[in-house]
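What follows is a set of notes on a single structure, which appears directly below.
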Amino acid sequence: MTDLSYHPGRSHDLGGTDGAGSSYDECLAADGLVRPGWEPLVDAFAELTDRGLSRLEGDVSRLLEDDGVTYTPTRSPLLVWPGDLDGADEQPLTDPLPWELDPMPLVLDGREWHQLELGLAQRAELLNRILIDLYGEQRLLADGLVPALAVFGHEEYLRPMVGVDLAPSAHQLFMTGTDLGRGRDGEWQVLSDRTQAPSGAGYAMQNRRVVSRVLPELYHQANLFRLTPFFHTMRMGLVDAAPSQVEDPRVVVLSPGAHSETAFDQAFLASLLGFPLVEGNDLIVRDGRVWLQSVGRDEPVDVILRRVDAGFTDPLELLQGSRLGVSGLTDCVRRGTVSVVNSLGSGVLENPALLPYLPELCTELLGEELRIASVPTLWCGTDASRRVVLDNLDSLVIRSINRSDGRSIIGAMLPPEQRAELIDQIEAQPYRFVGQELLPLSTAPSLVDGGQVDGGQGGSGQGGSGRGDDDPSVRIAPREIVLRSFTIRQGQSYVPMLGGLAQVMPTERDEATVVPSQRATKDVWVVSHTGAPDSTVHLSEGTMAHPGLKPGEAMVPRVLDDLFWFGRYAERAEQLLRLVLAVRGVAVEQDFRVRPGGDLDTLLRAVTHLSASYPGFVSGAPEPTAELRAMLLDSRRRGTVARSLGALSYAAQGVRDQLSTDVWMVLAGIDRAITGLRAARLDRGNQLADSGERVLASLLALSGITAENMVRDSGWYLLDAGRGVERALQMSSLLRHTLVPHSGPEDEEHIIEATLAAAESIVTYRRRYAGGPRHADVLDLLVLDASNPRSVAFGVRRIVNALRAVPGSATSRALRIADELIDRLAAEGTADLFGHATTADSRAALNDWLVRLHDQIEQLAQAITEQYLQPPPVPRPISFDAGGEH
């Protein structure tokens, strides 16, 4: 072990004190020596300056931002124990928050880990046995080994699932999550079990990928156990979980949707496993089977990896009114036509009232002693335990047995009136509460803001790393940690992940209850001391081969809808941005002086009309610089670039499993450019143009990525159709508001040039047409020329080509409308119809023709929506009022 005294004195504190009553230090032993496995990490970080630490932290933040890694708080639980990564079925409280990752991992010695993984596998097997009994013979209840009230009083004990003849994999735990804390004696204790729909495995892999990129040398030299084999096991285990009569199973991952608390975790996991990510409305029950609704045909579903709490999965038999599930799913489980993992009802095992009984249950069911103890817990459902809890209220954490109650309360910090209220609640319904000892958690070196005040040992306040790329005050200090581990069922046993997800806990408790913000997390390194730990050491984390398994090709309407609007919003943002930049160029030449009816006035009004962000330049004369800047930045106003980019990002969230990581890198670059412009002072310099051009370059990169990297399936064709629709709509609107208004000859020349610049066609125009700009030539190039990618005709042909590639489109109304529009455009002659557009009548005719063109494109877009993108009706329960009237 390395003696820290060999390193020069620094402001960093790699460990805490080891005096009497102190917490266990993960990094330093009691004699001050570095624990096994930590030496390379300590040596490397000891060489970093404060600025080096800050740069490292900034690199992590940028990589997470580039990958679009987020976390969305969905409620304000009053939590002391960790667990806020679960609960994905509730409404979000805020917009998605950036995921926080401490670049300094938590290191665990491989020899120590071996003992821990034995205990984790044993615990998973024990919980599985308990689950089978509670929904089967119920011998544990009959013999009094588990109090009936503790089980029947828990909200996740699903009575419709009791005693049914189940598919082979049902009522067997497929995956578990275990939250662990280490006490002062160095022994791990279980804080809580996660058996409902454990979250965080995807985040753990993402953390590993980021840390391996910012600490590449350390990563490759550390002899780490890799995480990828765990996900291989998960994938094959899901396939094996299918009903026995199925030869080629289809597996889906059921998600609450993009608003879910852990939406990234779900989408990343689905993408990593290679299974489609679906929502409740994507599935339907018919003839006793679950089907995935898709374009062209429905596909049978054999296995559902659910990330929706069980009660929400079936509005017919479980929670009425749920929009997250599938009506009739419970009946399909009974019939054995689909396997749902974790099984419906497994959430009952998260009940902390079971913790005191696990040692005896382990002896009874497994014939073994429980290897990993739980944090000492007393269930208030017995008179003796309730008296102990009430007598020691100030030294215990009081928890509800139901997670939906969302409260863990430190008795010592309650004011007198709330303390009395809590006692009354315990006395009234004692079975709903447990009392737990407050575990002094171990500490590990973490990156923190240099100005952050350290809390006392056993505290819990904000524990993340300080933010800010250029903040030199970032330093290393000990922070309490909680480890979430995972196990997967493999055959008749369980395989733990060789690593996990560590959370850096807050540092202070100044209230009886804590509403946590997003906590920093850590990668968990399990280090081998016998050379390369396994045969996958040279594989990139997250690289997975799927031998013998056919990927699904079905596309559900929800996914097609998100991709269609992804294309539309990308095109809408690009077109408005091009126009703003072109208009700004005219404004600069004229020193931002606006003449009523002049070229700049007409172009500024066109900006407002194209964006529909009224009143804008249509009513009054706002200062051009401020209004153009708002057109880029104001996400609260309809039609702005920022608003379209926000909608684009939201659509992308809904199809994250369909998009490559390059897409998120581009979106992160756009966010940084917009953020930089917001921070800049308002002036007439180049800041708006520079930031706008960076956003435009990112949008062009996005277009290239989707064109070159996406598989040509129904989703891609609908995305391309969305681009074609929006480009045609935007072009018809732009021409209407720039070519129809009458201005002087010089002004009209400026207007036409700006229009061509906004349409990215000015070079083509100058090369093709002799003489000065003419309306007829502009219309020919931007409306009728099917060889110009920016023209309306090209956009409509693009839509036709895309629709013809989508199954079931041969006789669709959308395709008929598009074909008619192509014929109409091909038959038009600009000179005959518009002349030189110099008279009021010819301009009126042009206006009417462009309006009709715009309306017909809108009809085409609506027909596409009706044909391909309409979601099925939301199931609603039949209800009656108090008088019995329907």
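The values are calculated or read from the model by the stated rules, or taken from the named source; none is laboratory data. Values in this document were obtained by computation on a predicted structure and should not be read as measured data. Reconstructed Cβ throughout: ideal geometry from the backbone, glycine too, with neighbour counts over all protein chains shown. Just so you know, the surface numbers come from the protein's heavy atoms only, side chains and all, with ligands and any DNA or RNA stripped out. Shrake-Rupley method; radii C 1.70, N 1.55, O 1.52, S 1.80 Å.
Quick one: would you say SER635 is part of a helix (DSSP H, G or I) and in contact with a helix residue (DSSP H, G or I) (Cβ under 7 Å, 6 or more places away or on another chain)?
Against the criterion (part of a helix (DSSP H, G or I) and in contact with a helix residue (DSSP H, G or I) (Cβ under 7 Å, 6 or more places away or on another chain)), SER635 does not qualify.
Working carefully through the options GLY181, GLY202, find the one that is in the same structural domain as PRO496 (by TED's automatic domain parsing), outside any helix (DSSP H, G or I) and either on the phi > 0 side of the Ramachandran plot or modelled with pLDDT of 95 or more (or both).
From the options GLY181, GLY202, the qualifying one is GLY181.
Restricting attention to strands (runs of 3 or more DSSP E) lying wholly within region 303-406, give those where 2 or more residues are at pLDDT 95 or above and either more than 13 Å from PHE433 (Cβ to Cβ) or touching a His at 6+ places or on another chain (Cβ under 9 Å) (or both).
Correct list: 303-306.
Among the residues of region 636-648, which ones are surrounded by fewer than 21 Cβ atoms within 10 Å (Cβ to Cβ) and closer than 17 Å to THR706 by Cβ?
Hit for region 636-648 is ALA647, nothing else.
It is to be established whether one or more residues within region 817-831 are within 21 Å of LEU610 (Cβ to Cβ), surrounded by fewer than 13 Cβ atoms within 10 Å (Cβ to Cβ) and modelled with pLDDT of 85 or more.
no
Residues to consider are LEU118, LEU158; find the one that is touching a residue at least 40 places away in the same chain (Cβ under 8 Å), touching a Gly at 6+ places or on another chain (Cβ under 7 Å), under 25 Å from THR377 (Cα atoms) and open to solvent by 10 Å² or more (accessible area, probe 1.4 Å).
On the way: LEU118 fails: touching a Gly at 6+ places or on another chain (Cβ under 7 Å).
Of the residues listed, the single one that is touching a residue at least 40 places away in the same chain (Cβ under 8 Å), touching a Gly at 6+ places or on another chain (Cβ under 7 Å), under 25 Å from THR377 (Cα atoms) and open to solvent by 10 Å² or more (accessible area, probe 1.4 Å) is LEU158.
Among residues belonging to region 262-311 that are among the β-branched types (Val, Ile, Thr) and open to solvent by 20 Å² or more (accessible area, probe 1.4 Å), point out the one that is farthest from ALA197 (Cα to Cα).
Among them, the one singled out is VAL295.
May I ask you to list pairs of residues, at least six apart or on different chains, whose Cβ atoms are under 7 Å apart, with the first in region 52-64 being assigned to a helix (DSSP H, G or I) and the second being buried (at least 20 other Cβ atoms within 10 Å of the Cβ) and among the hydroxyl-bearing types (Ser, Thr, Tyr)?
Between residues of region 52-64 that are assigned to a helix (DSSP H, G or I) and residues that are buried (at least 20 other Cβ atoms within 10 Å of the Cβ) and among the hydroxyl-bearing types (Ser, Thr, Tyr), the close pairs are GLU57/SER465.
Tally up the residues in region 638-666 that are outside any helix (DSSP H, G or I) and closer than 30 Å to GLN266 by Cβ, please. Spell out the reasoning first.
Narrowing region 638-666 to residues outside any helix (DSSP H, G or I): 638-640, 655, 659-660.
Adding the requirement that they be closer than 30 Å to GLN266 by Cβ leaves 655, 659-660.
Final tally of qualifying residues: 3.
For region 776-814, give me the residue count where each residue is open to solvent by less than 10 Å² (accessible area, probe 1.4 Å), closer than 16 Å to TYR868 by Cβ and free of Cβ contacts under 8 Å to residues at least 40 places away in the same chain.
The number of residues fulfilling the criteria is 1.
Kindly indicate whether any position in region 272-285 is without any contact (Cβ under 8 Å) to a residue 60 or more places away in the chain and assigned to a helix (DSSP H, G or I).
The answer is yes, given that some residue of region 272-285 is without any contact (Cβ under 8 Å) to a residue 60 or more places away in the chain and assigned to a helix (DSSP H, G or I).
When you look at PRO773, is it in contact (Cβ under 8 Å) with a residue 24 or more places away in the chain and either closer than 20 Å to ASP819 by Cα or open to solvent by 10 Å² or more (accessible area, probe 1.4 Å) (or both), yes or no? Before you say what the answer is, go through the steps one by one.
Details: in contact (Cβ under 8 Å) with a residue 24 or more places away in the chain: yes; either closer than 20 Å to ASP819 by Cα or open to solvent by 10 Å² or more (accessible area, probe 1.4 Å) (or both): yes.
Here the answer is yes, as PRO773 does meet what is asked.
What residue, of GLY321, GLY325, GLY381, is assigned by TED's automatic domain parsing to the domain that holds PHE231, of a type outside the set (Ser, Thr, Tyr) and surrounded by fewer than 24 Cβ atoms within 10 Å (Cβ to Cβ)?
Only one candidate qualifies: GLY321.
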